[in-house]
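Here the structure is laid out as C-alpha cells; the discussion comes afterwards.
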Amino acid sequence: MFEVINLNAGYEFRDKFVHAVRNVSFKVEKNDFFGIAGESGCGKSTLVLAALRLLKKPGKIMSGKVLIDGKDLLTLNDSEMKELRWKKVALVTQSSMNSLNPVIKIKDQMSDVLIKNHGYSKADAYELVQKNLELVGITADRMDSYPHQLSGGLRQRVVIAMALLMSPSVIFMDEPTTALDVVVQRSILQQIQELRKQKAFSAVFITHDISLLFEMATKIAIMYGGEFVEIGEAHSVYSNPMHPYTKGLLEALPSISKNLEKYKSIPGRPIDLSLNITGCPFRERCSYAFEKCEVEKPELKFVNGRWTSCHLY
Amino acid sequence: MSLVLKISNIKEEFKIRKGIKILTLKALRGVDLELNEQEILSIVGESGCGKTTLLRVLARIYEPTDGVIELFGNKVPKKLSRSEELEFRKNVQMVFQDPFASLNPTKKIEHVLKRPLKIHKIENESEVIESVLSDVELTPPDNYLTKFPHELSGGQRQRVIFARAIITKPQIILADEPTSMLDVSIKSGILNLMLKLKEEHQISFIHVTHDLAAAKYVSDRITVMYAGIIVEEGNAKDVVNNPLHPYSMLLKEAAPDPERSSDVNMLDVGEPPSLIDPPPGCPFEPRCKYAKPECKGPVEFREVDGRKVRCVLY
C-alpha cells in the first residue's frame, strides 16, 4: 500500500552534494510496524522528509517513486498533494514537543487543518478533535489548554492525536519519544500500539534507540551511509543478524535482560555522505572486510528470508 | 575497601518566585551516599528526581542547604580557601552530558588539555598529555593534539573530556549522563573506557544516568532516586535483575528490551509529585499499585537481603 522505489535525495550546496538517501526502496503493507534504525547522520530523517515531499531547500529529491495506493506522490501537483496529506499519510515529527504553536489553543491548532484543507465546519471539527484526544487519553477539558500547560508526554499525545485526525493509512514517526523520560516513553509507545489495534494504520517508525525498535517493530530496516543494509522481520534480524553492521550494533547494545560480560563498540565513525562512495560504505569499520569490498559495491540480496547487502552472502 | 566519599543528610532547596509568593523547591530531601575506592556507583531516576542536583552539590557547584560531605574521611567545609578549592578540584573531576558543548570550540585539543596542567602546576606537560591520550585510546596522540573539537566525532570528544578529567589524577570522577548524547555504536566504547579507568587508575565514579541497561553493565552499585530521596540501593545486577522497590520495578518495565515477552500495562502510570510540596510519606505512593495506608507516613530506609529499600513491603 505504501511503497518507496529507488529513492535518491540529498542536500545540494554550491560546491558539494550530500547524497543522504541512496537508492532506498521499501514497502509498507497494511498493519506493518516498519522500523528504520541507524546512527545519527545516516539519512533516516531525510528519507522520511523526502518520501513525504517535505524536504525543504537545499534538500532535493533526485529520482525515485513514492507510491501510495498506486499513485506516485512525487508527480502530484500541490493541490492533489494537499488532498492526500493527513488523509493518507501523516507525520509525527522529531521535536513534536516543540512543534505546537505556543499561542494557539490545542483544539484550534488541531482543527485548523480540518477546516482549512478539508472543508469541515467548526463544530464538526471540534467534535472530531475531542474524539481523537480521548483516543490518546486526554480528557475534553484539556482542549482549551495552551501547549505550555501540558507536560511533555501530553504534548506528544496531542501531536499523535493530530496525526490520527483523518485516519490516515500510514503514519510516519520520526523519533517521537526521544526527548521523553523512559517511563513516559513507555506509556506513549503503548498508546501507539493500542491505537494501531483500534484504527488499523501502518506505522513507519524511525529512531536511533535500537533496543526499543526491535521490541516494537514487525519489520526492520538497518540504514547505514544513506542505504538500507539489512531489511527483514524484526525478530529474525535480532536473533540472527547477517550484515556486519547489524551484528556490530547488536553487540554494542547494553541490554537489560542479558548478562553479557563485554559490549563492543563499532570502531571508526560513520561515512561522510558528501563523498562518492566506491565499494561497500561500511568496509572501513568492518572486521570481515576483504578485497572485493574495496572495489565492488554490494547489492541488496535476498538471503534466508531477508534482504542484506554484503559480499559475505 | 575504604570510603573515598561519604555524604549524609544532604538537602538542597531552591527558591522560586511566583508573583509575590516565594516557593521552596526541595530538590534533595536528605540523601545519604557512600562511595568506595575503585567503585562505579550509578544513580538512576527520571528527570526531575534530583540526580543532577546531587552531582552538582558533590562537585561544589551548588552549595547544599544542609548536610555533610566527607572526602577521604575529612569533612569538606562550606567555604574553602583558594588552595583548598584547587586541591578539591584536583581530586574530584567532572564529565558532562553534552560532548558538543563542553569543549571550547575555538581552542585546539592541546590547549584544552594544557589548561588543567597549568592551573594545577603539573610538570612534564607533553609527556602527561601523551599518556592520558593513550589512556583514553586516542592514539597516536599527535593526530589529535592539533585538532579542533569540531573535527572530532562525538565519541572522540567525550574521550578528550575524559582525558581532561583524568589528567589531574583524580580519585573521583562525577559523570553526568556521559553516554546519553552518543550513538549506540560508540556508547559502549565510553562505558568500557570508564571500566578501564576504574581498573587501571583506581578511579571511583559517580555515574548519573537514566539508562538502566548501561547502569547495569558499568556499575558496581546502583542507587535509585525518586523525588529527591533514595528509594533503593544495592548491588547493580541485583537491583536490575530483581528490583524490590515498586518504583525500580516501574523503571525496569519501562526500559526498552528487545527480549521482552510479556505485555505490561503502563498506559497511565502517573507523574512524579511536585517537589514544592512533596507528600510526607513515600513519594511514590500515589502511583504505586501496592500502596497501603501506612505509606502516607514516614517510611524508613531499611536493609533487606544485603541492600537498602525505602518501602513498607519489606
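The values are calculated or read from the model by the stated rules, or taken from the named source; none is laboratory data. Because the structure is predicted, anything quoted here is derived from the model rather than measured. Every residue, glycine among them, receives a Cβ derived from its backbone with ideal geometry; neighbour counts consider all protein chains shown.
Okay, here's what the table says:
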quantity	calculated
Subset of region A:150-180 that is within 14 Å of chain B (Cβ to nearest Cβ) and polar (S, T, N, Q) - its residue that is farthest from residue A:205 (Cα to Cα)	A:151
Among (1) in contact with a helix residue (DSSP H, G or I) (Cβ under 6 Å, 6 or more places away or on another chain); (2) under 22 Å from residue A:221 (Cβ atoms), the one test that residue A:267 misses	(2)
Residues of region B:233-252 satisfying the condition of being over 14 Å from residue B:309 (Cα atoms), facing chain A (nearest Cβ under 7 Å) and without any contact (Cβ under 8 Å) to a residue 40 or more places away in the chain	B:250
Flag if residue A:140 is without any contact (Cβ under 8 Å) to a residue 24 or more places away in the chain, surrounded by fewer than 18 Cβ atoms within 10 Å (Cβ to Cβ) and more than 14 Å from chain B (Cβ to nearest Cβ)	yes
Residue in region A:81-90 that is among the basic types (Lys, Arg), in a strand (DSSP E or B), in contact (Cβ under 8 Å) with a residue 24 or more places away in the chain and touching a Gly at 6+ places or on another chain (Cβ under 6 Å) present	no
Residues of region A:240-285 that turn out to be within 9 Å of chain B (Cβ to nearest Cβ) and either under 19 Å from residue A:302 (Cα atoms) or among the hydroxyl-bearing types (Ser, Thr, Tyr) (or both), as a count	5
Extreme residue, farthest from residue B:209 (Cα to Cα), among residues of region B:161-184 that are in contact with a Leu (Cβ under 9 Å, 6 or more places away or on another chain) and within 11 Å of chain A (Cβ to nearest Cβ)	B:184
Test: residue in region B:114-131 that is crowded, with 20+ Cβ neighbours inside 10 Å, within 14 Å of another protein chain (Cβ to nearest Cβ) and either in contact (Cβ under 8 Å) with a residue 24 or more places away in the chain or of a type outside the set (S, T, N, Q) (or both)	no
Unique match (being within 11 Å of chain A (Cβ to nearest Cβ) and either crowded, with 22+ Cβ neighbours inside 10 Å or out of contact with any His (no Cβ under 8 Å at 6 or more places or on another chain) (or both)) among B:198, B:187	B:187
Any hit, region B:91-107, residues being in contact (Cβ under 8 Å) with a residue 40 or more places away in the chain, basic (Lys, Arg) and in a loop (DSSP other than H, G, I, E, B)	yes
Selected residue [hydrophobic (A, V, I, L, M, F, W, C) and more than 16 Å from the chain's Cα centre (by Cα)] from B:195, B:174, B:251, B:212	B:251
Lone unmet requirement of (1) under 17 Å from the mean Cα position of the chain (by Cα); (2) over 24 Å from residue A:299 (Cα atoms); (3) at pLDDT 85 or above for residue A:73	(1)
Criterion violated by residue B:256 - all others in (1) in a loop (DSSP other than H, G, I, E, B); (2) farther than 20 Å from residue B:45 by Cβ; (3) at the interface with chain A (Cβ under 7 Å from one of its Cβ atoms) satisfied	(2)
When residues of region A:181-227 are limited to those that are in a loop (DSSP other than H, G, I, E, B) and small (Gly, Ala, Ser), the one nearest to the other protein chains (Cβ to nearest Cβ)	A:217
Matching residues, region B:1-47, being more than 23 Å from residue B:300 (Cβ to Cβ) and without any contact (Cβ under 8 Å) to a residue 40 or more places away in the chain	B:1, B:2, B:14, B:15, B:17, B:18, B:19, B:20, B:21, B:22
Residue check, residue B:217 over 14 Å from the mean Cα position of the chain (by Cα), more than 17 Å from residue A:181 (Cα to Cα) and within 12 Å of chain A (Cβ to nearest Cβ)	yes
Residue within region A:1-10 that is closer than 20 Å to residue A:213 by Cβ and surrounded by 13 or more Cβ atoms within 10 Å (Cβ to Cβ) present	yes
Elements of type strands (runs of 3 or more DSSP E) contained in region A:1-74, each with 3 or more residues being more than 30 Å from residue B:155 (Cα to Cα) and more than 14 Å from chain B (Cβ to nearest Cβ)	A:2-12, A:17-28, A:59-68
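To keep it simple, each residue is scored yes or no on (1) within 11 Å of chain A (Cβ to nearest Cβ); (2) modelled with pLDDT under 90; (3) farther than 30 Å from residue B:166 by Cβ; (4) surrounded by fewer than 24 Cβ atoms within 10 Å (Cβ to Cβ).
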residue: B:206; (1), (2), (3), (4): no, no, no, no
residue: B:223; (1), (2), (3), (4): no, no, no, no
residue: B:265; (1), (2), (3), (4): yes, yes, yes, yes
residue: B:268; (1), (2), (3), (4): yes, yes, yes, yes
residue: B:288; (1), (2), (3), (4): no, yes, yes, yes
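Here is a yes/no grid of residues against (1) surrounded by fewer than 21 Cβ atoms within 10 Å (Cβ to Cβ); (2) more than 11 Å from the chain's Cα centre (by Cα); (3) aliphatic (A, V, I, L, M); (4) closer than 18 Å to residue B:308 by Cα:
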position: B:4; (1), (2), (3), (4): no, yes, yes, no
position: B:11; (1), (2), (3), (4): yes, yes, no, no
position: B:16; (1), (2), (3), (4): yes, yes, yes, no
position: B:21; (1), (2), (3), (4): yes, yes, no, no
position: B:38; (1), (2), (3), (4): yes, yes, no, no
position: B:54; (1), (2), (3), (4): no, no, yes, no
